[in-house]
1. Name the shape class, rounded, prolate or oblate, that the alpha-carbon gyration tensor gives for region A:18-170, where a ≥ b ≥ c are the square roots of its eigenvalues, rounded holds for a/c under 1.5, and otherwise prolate holds if a/b is larger than b/c and oblate otherwise.
2. Can you compute the FRET efficiency between residue A:340 and residue A:134 using 1/(1 + (r/R0)^6), with r the Cβ-Cβ distance and R0 = 25 Å? Round to the nearest 0.05.
3. Which residues in region A:295-317 place their backbone N less than 19 Å from a point set 7 Å from the Cα of residue A:373 along the Cα-to-Cβ direction?
4. Taking only C-alpha pairs under 8 Å that are 6+ residues apart, what is the relative contact order of chain B in percent?
5. If I model a spin label at residue A:13 and residue A:242 as a point 7 Å from the Cα along the Cα→Cβ vector, what separation in nanometres do I get?
6. Please say if region A:223-313 is rounded, prolate or oblate, where rounded means a/c under 1.5 for a ≥ b ≥ c the square roots of the C-alpha gyration tensor eigenvalues, and otherwise the choice is prolate for a/b larger than b/c and oblate otherwise?
7. Give the shape of the protein assembly as shown as rounded, prolate or oblate, defined through the alpha-carbon gyration tensor: a ≥ b ≥ c are the square roots of its eigenvalues, a/c under 1.5 means rounded, and otherwise the shape is prolate if a/b is larger than b/c and oblate if not.
8. Using Cα pairs under 8 angstrom and six or more residues apart, how large is the relative contact order of region B:96-162, in percent?
Amino acid sequence: MAMTDNQKTFAHDDSSVVVVVGSGAGGGTLANELAQQGIDVVVLEAGALYTTADFLADEWASFAQLAWLDKRTTSGSFRLATDFPNLPAWIVKSVGGTTVHWAGASLRIQPHEFTALSTYGKVEGANLLDWPLTYDDIAPYYKRAEQRMGVTRTNDNKGLPGNNNFKVMYNGAKNLGYSCDTGHMAINSEIRDGRSLCLQRGFCFQGCKTGAKWSTLYTELPRGIATGHLELRPQSHVARIEHDDSGKVTAVIYFDAEGNEQRQQARLVAVAGNSLETPRLLLNSASSMFPKGLANGSDQVGRNYMRHTTGSVYATFDQPVHMYRGTTMAGIISDEAHHDPARGFVGGYEMETIALGLPFIAAFLDPGAWGPRFTGALDQYENMAGMWLVGEDLPQASNRVTLNSDVTDQYGLPVANVHYDDHPNDLAMRQHGYRQGAELYRSVGAKDIYESPPYPSTHNLGTCRMSKRPEDGVCNAYGQTHEIPNLFISDGSQFTTSTAENPTLTIVSLAIRQAEHIAQLMQQKEV
Amino acid sequence: MSIPYLSRRVFLKAGGGFLAGTLVFVNGPIALLAPSHSWAMPLDSLSSRQGEVLLAVTRQIFPHPKLEDAVYAHVVKSLDRKAAGGTLGKVLADGIVKLDAASGGDWLSLDDNKKLEVLTPMAGSLFFESIRSDAVVSLYDNSLAFTHFGYQGAEGDEGYLNKGFNDLTWLPNPPQPDAGYLPF
């Protein structure tokens, strides 16, 4: 029986409901939090409903099942525009969104990162800004998020056992004077919260079949539905948001599973479609009153797109590693995550183990490559260890999501074009990370080192950033848009800066905080 | 010229070939699993010779000296499937004609170094990219390749918790609490 079978349903002309667009970390959490407070919510999710039993232990087949493959285009000098011109992002189109695919790393943003502009100072070419909230503002919500997600090494949740890939990273880390452990992961190390412990399958990216990894798919969404205040509508692709003459949003137009256009009225709309679809929706909702798109009086919608400064270091050894066995992100080093401009860049980066199966190593190790150096790496696949670098990339006004009116999707809507140029700071940080990663692996006997370029992005941030002053961004510290009081941004699009940390924990924490705020505003009849 | 020069029209009509071979590495992991050391793969739209050329081209693009032709044949099969009815068939046929022309008639008869020398200037061409972009998926996404390269694929579905997720012994075991805790 599907979780939607006996759920409470709401009429299309029920204008008292909150409509949440997207069911991932932001949307799924917000919807449940609102429902728990007795607020009626309709969740519109573009993707289909899969259960854990549907997940596939097969990289390409799973990719075809879960990934967002609707057309997108790219421009700019980043390498993805050449290698994967129609796949700038590796995110999920199914119920649960990218919480189905994420690896589970749950790191708090460091206090100084909330004040990036004040801490780093002005950086040429960058559009740095302090967040309109502080670490202390979000800290209580981090605590609640860690509690509900079962993050290891918090709330007495034990650290996950380290796999072979971790052992290599750990030993190298010690040689470099780094600290390293199995991290803060939203993956059960013991049976907890009605979910299994981690069986070390190694298919974290393909959907966690045991449910050991937190995903809104089997936590927030069914719990919200159980309150009788949440209706989840899968395969509901939102096309635009409507508003009335006073400038308040009133309804959401979407295409249902049969491709029929539907109109759901709403008291309030929260958009959580990930940082490419969220601005696309606001831009596609342009009207005579909002000719540049909703909440875009500042011309900031779509700008400051961030994707983290990433890259991978793979190393081969004389003896087997079998990196693909066990959790994908099995070890974390945070010693380079601090801010130290003496390294030649502002901000910092995390080092996290990563493993790809043979099919995906072939696809992503060095896209477009051929010949003996490339095949030599694959010949040593069994003896390979890997790490992912994830660091702060700087917001730039020209890195942006715009509508490509020359290319339309299956509903005839202009697709998102993603433009991205690396900032010199990003390049310097990536080179530093490559060097440190290589040195780490060489210290434990690495034979060959391979520097892999960024993958299609799973960490898509910015594009509707929160700002104190309306002219600097799109929404305030609660995700409420500066221009339209009953329109909220509820995903990673809100991020003012990208910070070094994997974003999901912060997205969840912001969603919990936002739900509290929305409930207050509704009670006070302000929205 | 060692073989009759075939026109493109003949190539296009020459579908329905097949590829066949014998496993070379009789003590290799694939041979140990294979029911027979001989293999054959029927082709629907490509001729046998086109299949042989494409297999040899793939060996140049992704050279794994110890990888059986039987695994490379997955790429030919994938191209054969895609070539049916589409424009790819013509791209492949034209490319093979070019390779042969640049080889004095028969690219397949060249030694390995010469083969690469003739192929390399075609890197980036539609012909080359069609093969490379297919092969980077089809060569490495099959159970024979998994066996050869040491990837356990869907075996992981049951979980490695009791099957070697932490069996590496050539480095010291990290201590607790950093290394975390087994659940049992």
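1. Rounded.
2. 0.70
3. A:311-317
4. 22
5. Here the modelled spin labels are 1.2 nm apart.
6. Judged from the Cα gyration tensor, region A:223-313 comes out oblate (a/c at least 1.5, b/c at or above a/b).
7. Since a/c reaches 1.5 and a/b is larger than b/c, the shape of the protein assembly as shown is classed as prolate.
8. Averaging sequence separation for qualifying contacts and normalising by length gives 14 percent for region B:96-162.
Values quoted throughout were computed directly from the atomic coordinates according to the rules given, and no laboratory measurement underlies them. None of the values given here were measured: they were computed from a predicted structure. Using ideal geometry, Cβ is built from the backbone for each residue, glycine included, and neighbour counts are taken over all protein chains shown.
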